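Participant: My questions will all concern the structure given below.
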Amino acid sequence: MIKAVMVMNTQGKSRLAKFYEYLSVEKQQELIRGVFSVLCSRAENVSNFIDAESIFGQDSRLVYKHFATLYFVFVFDSSENELAVLDLIQVFVETLDKCFQNVCELDIVFNYSKIHTILDEMVFGGQVVETSSSEIMKAVEEISKLEAASNAISLIPKSASGWRSR
Amino acid sequence: MGSQGGFYQSKEFLDLVKSIGEARSKAEEDRIVLNEIETLKRRISEPDIPKRKMKEYIIRLVYIEMLGHDASFGYIHAVKMTHDDSLLVKRTGYLAVTLFLNEDHDLIILIVNTIQKDLKSDNYLVVCAALNAVCKLINEETIPAVLPQVMELLAHPKEAVRKKAIMALHRFYQKSPSSVSHLVSNFRKRLCDNDPGVMGATLCPLFELIARDVNSYKDLVISFVSILKQVAERRLSKAYDYHQMPAPFIQIKLLKILALLGSGDKQASENMYTVVGDIFRKCDSSSNIGNAVLYECICCVSSIYPNPKLLESAADVISRFLKSDSHNLKYMGIDALGRLIKISPEIAEQHQLAVIDCLEDPDDTLKRKTFELLYKMTKSTNVEVIVDRMIDYMISINDNHYKTEIASRCVELAEQFAPSNQWFIQTMNRVFEHAGDLVNIKVAHNLMRLIAEGFGEDDDNADTKLRSSAVESYLRILGEPKLPSVFLQVICWVLGEYGTADGMFSASDITGKLCDVAEAYSNDETVKAYATTALMKIYAFEIAAWRKVDMLPECQSLMEELLASHSTDLQQRAYELQAVIGLDAHAVACIMPSDASCEDIEVDRDLSFLNDYIQEAIEKGAQPYIPESERSGMLNISNFRNQDHHEASSHGLRFEAYELPKPAVQSRIPQTLIASTEIVPVPEPMYPRESYQTTMPSIPSDAGSAELKLRLEGVQKKWGRSTYTPATSTSNSTSQKTVNGTSQGDGASTVSSMRETYDSRKPQVEVSHEKQKLAASLFGGSSKTEKRPATGHKAAKASSHVVEKSHVPKSSMEVASEKAAPAQQPPDLLDLGEPTATSTALQLDPFKQLEGLLDATEVASAVNGAPAASRSPDIMALYADTAAGIHNKNDADLLSGLSNPSVTNMPGTTAMPQVTQSSSKGPNPKDSLEKDALVRQMGVNPSSQNPNLFKDLLG
């Protein structure tokens, strides 16, 4: 099971944090800081795996990938395969890339809810549900379309009712 | 920038993000965020906010909370948004509540109804959003409220919904297996879903179900194999390909499931061989995901019933991993090697150089994984090198969590495979010195006991030598600044017990050091207490030896300081020290016999020595004692007066019911008397008999003794011998064990000469610059040079093990389990009944073998004679010979209880945990027999001898 997904920049600023078990805000921050302090002490050209038991407790591994100014971090337990999770990060980033055309840190900051939508299509309740980036894209686009439509529809009655009540 | 449909953001949000991004300090960032919180608090409660605006506020709240600030004031608004009709707003609301709330939050009750409604919605996106919330927000109590709807969704036309419904059901199962146990069969059904994505998602819950209960899913083996076969043969649509691999994630999940199902099941495993072999062949090893699948194949192969061909393919892949430049692949290779080594240990030898490269790699993760591998492959031949390496690494890291783990592993390996006690003590010293506060206190007690009991044989000379070397090393170590408390306790105890025993150091040397310790670590009461008791012992030994004792001035001042200490324990010890110094030699010799920490203590339970005193009291008019059983109605009152002494005195009537009387033993007079002797300073709880003599006149009336006793009991548990031999508590002598009373057979000389072999070896093996050497010592070596001497040494080592083993039965249980190397090879113990095997081994003087005087083949045959003999043990002999029986650990208690009363006492309370500990690696005779055979094969066989280890050993 996947325990947490985090995206943070190289300064340690959190860009996305999703924990699949409930944790208090303080605990979340503590974990994010813990992960960052480990990440920034890692040299280049070393493995992408970290034994995370000292941060997340028994049976937890951490896989991270460094893209430009961002660290993508997945924390999971022994029921997942490290190399496969590394590819899962790849799928996630590829999807973001398709979605934003050359994704950069700012895209992630400004499209916070969309990033969550993408992640929700991939990982659901801690389990990987979809690993094909084109499938994820399809789903996300459909959501966007329907949301836009429902938004447009909802705007009319709202303005109408606002007009009526005036 | 993100201007794609639906994700509108206002300038305000952009400004917020930007200003936070530009903040130069945490304080500045906090200020900005607090400002933002104020703004949002004000805005969000305004009436009639447009939905889009509201949505943005909520996103801003989520953002703030991600930065670690409290956004709870907005939770209710997020909940309100989930009620909205607009999909965009609703989804935002659900996103926010899943991030904000937990399943036990008060607001959940407001959402459950909405979720119920939304699960029935026509719009599948609404359903998906609701399912998402279900996973996070539904707890055990609310599961029934949404379960029917979720079940319906399992048959939803949209595959995305079916997938999520399965996951939600899986989540319910994780949270409360009982509430959905009747629905588990649905997972099986969904396995046949038309959509491969749904099938793939179903594998997640099935994996978990199978992990919990393998046997009820054995029937699915064929189905899983055929699915895997189809996937591997690219029968799925191209959409599931990833980097030219057909649905690799599904393959991985399936392989994981097969590994579970095939574990220890030959029939099930045979169904899998073909498909796993196919994947091995077809898999593309150039891509990351291909290697992920290959790695999973190795895991599967090492878990299912072994198949030589598959093992071969697995070994090939591992060697490819290890040779790769990628650290990730090396890591996976090491991990896979650790799995495979259990089945085919010889594979490690091929990769020894690669493993050593990984050990020296700058990558910490890889290093740790390699240590894990080494830990798995430790045996008595390479334990020294491995533990040495581990300790070096342990010293170099700061991560306390991992330090603790590696320290406990060092201790475990040292206890299990230690080649000599000397080495064991040295290793323990290093572990304590660098991670003393992180290791379990029991380890310290084991070490003390080992030093106290020595080899458990009557070889006093060797024991003395061992102790002297311990004392010497501790005196040296004491010079180091800042030692861990636990280690200091060990040091103080050993110095007190044996500091002056060999006459090398004078009492003033040792006491001076002890005073220094007490002064330097004046905040640590435990250490101070140990030091004080140690001082007392030293002075007691001096007095008992009729030597003149002049207390050092610093010791005098320490004692004076402690006499006024706030800690009653320290105070008591100081008074004891004062009292002991004032006594004459004869009395002190009784109180503090030298080197008697392992001696038996006999307790006079009848307290016959008090007869005179009682007589005197009765003559003075005291009431004679009436045993409780003979007392009538008065009994209860006196009982309760003991228990509720203070309560009874404060008010005359009790209104609540009395509790049931405690077992009668509690209030017997003898018990009370024992307790009352304890309130006066008892020098050491170990020697209660002697202390009675000194304290007899001061026995008070038994009225208040119960309470006083309570306090002392706590102290006693914390201090003194009872900490590591709980059996020594004053009222219980039955669990004492006789150590020095055990007999010693022939072959003592061989043992001592073997010890010298170890003594002459350099304590630290410096081979890091020569990997080849290290490899040889780790893996048993593969180079063929220096064949003869190496063989000779190996044989010497092996034979000395035999000798050592043959003596173990005579030693105590505890020592046996500490010297786990012999103890985990029960078959050899049966050699006792085989005099020929033992004597052949005895003839092999290790030194002669080293010089190559003895023919290698002869050595081999001599050693191989032992297992041959032990393979056909006389079962009845096992029962007749209790000594041998002890080592058949599972039967130890039974057997010893049956035949030999003197041994009955041995499996005391402390022995038991150790037995379980050491039996974890060699739990049953069969395992250990196999292991033993393996060790022989690896160590004695001329083809795998180890010239360099030999060199290392001899220095």
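Participant: To the nearest 20 Debye, how big is the dipole of the stretch B:379-591 about its Cα centre, given +1 on the beta carbon of each Lys and Arg and -1 on that of each Asp and Glu?
Facilitator: Result for the stretch B:379-591 is approximately 240 debye, rounded to the nearest 20.
Participant: Kindly write out, for the stretch B:55-62 in residue order, the coupling ³J(HN,Hα) from the Karplus curve 6.51 cos²θ - 1.76 cosθ + 1.60 (θ = phi - 60°), rounded to whole Hz, with x marking Gly and Pro.
Facilitator: 4, 5, 4, 5, 4, 5, 4, 4
Participant: Past 32 Å, Cα to Cα: identify those pairs from A:Lys98/B:Lys189; B:Lys266/B:Lys442; A:Lys18/B:Lys120, in the order given.
Facilitator: A:Lys98/B:Lys189; B:Lys266/B:Lys442
Participant: A follow-up question, please. Work out the mean other chain Cβ neighbour count within 10 Å for the residues of A:134-140 and drop it here as an integer.
Facilitator: For peptide A:134-140, the averaged partner shielding equals 2.
Participant: Same structure again: Could you check the simple spin-label distance between B:Leu34 and A:Glu141, using points 7 Å along Cα→Cβ, in nm with one decimal?
Facilitator: 4.7 nm
Participant: Something else: Would you mind putting B:28-40, B:285-297, B:355-367 in packing order, based on average other-beta-carbon counts within 10 Å, highest first?
Facilitator: Ranked from most to least packed, the peptides come out as B:285-297, B:355-367, B:28-40.
Participant: Step through the residues of the stretch B:313-330 one at a time and calculate ³J(HN,Hα) from phi using the Karplus curve (6.51 cos²θ - 1.76 cosθ + 1.60, θ = phi - 60°), rounding each to whole Hz and writing x for Gly and Pro.
Facilitator: Working through the residues one at a time gives 4, 4, 4, 4, 4, 4, 5, 5, 4, 5, 7, 5, 7, 6, 5, 4, 5, 4 Hz.
Participant: Moving on to the next point. Could you give the length gained by full extension between B:Glu233 and B:Asp48, i.e. 0.36 nm per residue of separation minus their alpha carbon distance, to one decimal place?
Facilitator: Additional length available on full extension: 60.7 nm.
Participant: To continue, here is another question. Only counting other Cβ atoms within 10 Å, I'd like B:Ile543, B:Ile347, B:Ile108 sorted with the fewest neighbours first.
Facilitator: The order, fewest Cβ neighbours first, is B:Ile347, B:Ile108, B:Ile543.
Participant: Can you list the residues, at least 5 places off or on another chain, whose amide H is less than 5 Å from the amide H of A:Phe124, using H built in the peptide plane?
Facilitator: Here A:Val129 satisfy the definition.
Participant: Using Cα atoms only, what is the angle between the long axis of helix A:112-122 and the major principal axis of chain A, expressed in degrees (0 to 90) to the nearest 10?
Facilitator: Roughly 70 degrees between the two axes.
Participant: While we're on this one: Run the numbers on the stretch B:379-591 and let me know its relative contact order in percent, using alpha-carbon pairs under 8 Å that are six or more apart.
Facilitator: Computed value for the stretch B:379-591: 14 percent relative contact order.
Participant: Output the pairs from B:Lys164/B:Lys238; A:Lys3/B:Lys18; B:Lys11/B:Lys51 with a Cα-Cα distance over 19 Å in this structure; if there are none, say none.
Facilitator: Those over the limit are B:Lys164/B:Lys238; A:Lys3/B:Lys18.
Participant: Exceeding 23 Å between C-alpha atoms, which entries from my cross-link table qualify? They are B:Lys282/B:Lys376; A:Lys114/B:Lys53; B:Lys41/B:Lys80.
Facilitator: The answer is B:Lys282/B:Lys376.
Participant: Identify the trypsin sites (Lys or Arg not before Pro) of the stretch B:53-96 meeting these criteria: DSSP loop state and at most 10 other C-beta atoms within 10 Å of the C-beta.
Facilitator: When the trypsin sites (Lys or Arg not before Pro) of the stretch B:53-96 are filtered for loop state and at most 10 Cβ neighbours within 10 Å, nothing remains.
Participant: For B:Ile626 and B:Ala657, what is the calculated FRET efficiency with R₀ set at 22 Å and r taken between the beta-carbons, to the nearest 0.05?
Facilitator: The computed FRET efficiency comes out at 0.20.
Participant: In whole Å, largest first, what are the principal axis extents of the Cα atoms in the stretch A:2-154?
Facilitator: Taking the Cα atoms of the stretch A:2-154, the three principal extents are 50, 31, 28 Å.
Participant: Here's something else I'd like to know. Taking amide H positions as placed 1.01 Å from N in the peptide plane, with prolines and chain starts having none, which residues 5 or more places from A:Lys3, or on another chain, fall under 5 Å of its amide H?
Facilitator: When sequence neighbours closer than 5 places are left aside, the close amide H contacts are A:Val75, A:Phe76, A:Asp77.
Participant: Can I ask one more? Starting from the 7 Å offset along Cα-to-Cβ, what nm value, one decimal, do you get for the label separation of B:Ser179 and B:Asp606?
Facilitator: Going from the B:Ser179 label point to the B:Asp606 one covers 6.7 nm.
Participant: Continuing with the same structure: Could you line up A:Cys40, B:Cys135 from fewest to most neighbouring Cβ atoms inside 10 Å?
Facilitator: Fewest to most other Cβ atoms nearby, the residues stand as A:Cys40, B:Cys135.
Participant: Here's something else I'd like to know. Quick check on the exposure proxy: order A:Arg61, B:Arg212, B:Arg42 from fewest to most C-beta atoms within 10 angstrom.
Facilitator: Going from least to most buried by this count: B:Arg42, B:Arg212, A:Arg61.
Participant: Taking 0.36 nm per residue of sequence separation and subtracting the Cα-Cα distance, how much length would be gained by fully extending the chain between B:Asp509 and B:Glu480, in nm to one decimal?
Facilitator: Residue separation times 0.36 nm, minus the Cα-Cα distance, leaves 8.7 nm.
Participant: First measure r as the distance between the Cβ atoms of B:Ser223 and B:Gln772, then evaluate 1/(1 + (r/R0)^6) with R0 = 51 Å and state the FRET efficiency to the nearest 0.05.
Facilitator: 0.50
Participant: Also: If I model a spin label as a point 7 Å beyond the Cα along the Cα-Cβ vector, how far apart are those points for B:Asp392 and A:Leu23 in nm?
Facilitator: About 3.6 nm separates the two model spin labels.
Coordinate-derived values only; no laboratory data. No experiment lies behind these values; they were computed from the predicted model shown. Neighbour counts run over all protein chains shown; Cβ positions are idealised from the backbone, glycine included.
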